[in-house]
Amino acid sequence: MFRRRIIVSSKPGTAQPLVRAALEDDFHHFRVEVHGMDGYVAHIAGCALRQPYTLCNAAGARLEALLGMPLSSIAHEVTRVADASEQCTHLFELAGLAIAAAARGIARRQYDIEVPMRVTGRTVPRLARDGVDVLAWTVQDTVIAAPAPYAGVDLNRGMARWALSTLPFEEAEAALVLRRCTGISRGRGKPLDAQIHASPSGHCYSQQPVRAMQALRVVGSTWDFADTPEALCADDLAWLAFSASGGEGPTGE
C-alpha cells in the first residue's frame, strides 16, 4: 500500500495570504510556503525534509520562477508559468496547491491517498479530501477502467487537459492529485536503493541529463506507511499551525 498525505494551511488574521503546505509519502517529505500580495505571488520557498536523490532539495530554489504570477484558483496553472521539467515535480505541484488555496481563501485542506499494490497491473486508488472519500478508481495499467466519467482516461496521456476542461475545478484538482500518486506508487516493490543516481529521463530537475549523474540515490529514503497513515505529516503539524515551536520558514527554523 502506497500512501500520501498533503496538508495545506493558511495563517488566520493576515491581510495578505500566507499559506504553508506539506506533503509526505513513502518516497518524499516536502514543504512549501507561499506569501501573496495584491493578488500575486510575492514570496515562495520550498524544501525537502526527505528526498530520493541528493539534488532534490536544490530544486526548491527553482520555485522562484513562480514569483509574480497571479494567485490562481487552479493549482495546475503553475505549469503555464514555469517549465515543470526543470522543477521537482512534487514541490512544484505542492506549490500549485498552496497558491490555489491562497486564491480561494481556503483555511485548511487535507488530501489522503492510498494506492494498493497492483495485481496483474490492476489497482484501486482512493482519495479522501478533508476526511471524506471523494474518488475511487479501478485502474488497469495506465488506464482508468471505472467509474464514469473517468472510464477510458489514460493517466499518462492528456489527463490534465481532460480533467480541467471536463470536471468541476475542485474535482479536477483532486483527480490530478490522485493521478500523480497512482503513477509514482509503482515505485513500491522496486529495488530503488540499488540505483546509483537518478535516471537521465529529463522528467524533472534531478532527472535532467545535465545533472542526473550528480543526483545520487539517498539510500533508506523510502519509508512504509501502509499500517501507520497517522504518521504522515505528523512532524509538520506545528509548522502548519504557525506555532512558535514549528519555526518560521519551510524548514521549520
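Worth pointing out:
- Kirkwood-based shape ratio for the stretch 72-188, expressed as Rg/Rh from alpha carbons: 0.95
- The stretch 153-230 shape via C-alpha gyration tensor axes, a/c threshold 1.5: oblate
- Sorted by Cβ neighbour density within 10 Å, fewest at the top, the residues His197, His28: His197, His28
- Cα centroid separation - the stretch 183-253 against the stretch 34-64, whole Å: 14
- Three-way shape call for the stretch 117-175 based on the alpha-carbon gyration tensor, with the a/c threshold at 1.5: oblate
- Shown in residue order for the stretch 223-232 are the 3J(HN,Hα) couplings computed by the Karplus curve 6.51 cos²θ - 1.76 cosθ + 1.60 at θ = phi - 60°: 10, 10, 10, 3, 9, 9, x, 5, 7, 5 Hz (x for Gly and Pro).
- The order of Glu93, Glu253, going from fewest to most other C-beta atoms within 10 Å of their C-beta, is Glu253, Glu93.
- On full extension, the segment bounded by Asp235 and Asp193 gains 12.7 nm, given 0.36 nm per residue less the C-alpha separation.
- Rounded if a/c under 1.5, otherwise prolate or oblate - the chain, Cα gyration tensor axes: rounded
Each reported figure results from applying straightforward, stated rules to the coordinates on display, with no laboratory input. The shown structure was predicted, so the numbers you read here are calculated from the model rather than taken from an experiment. Don't worry about glycine lacking a Cβ; one is built from the backbone with ideal geometry, like all the others, and counts go over all protein chains shown.
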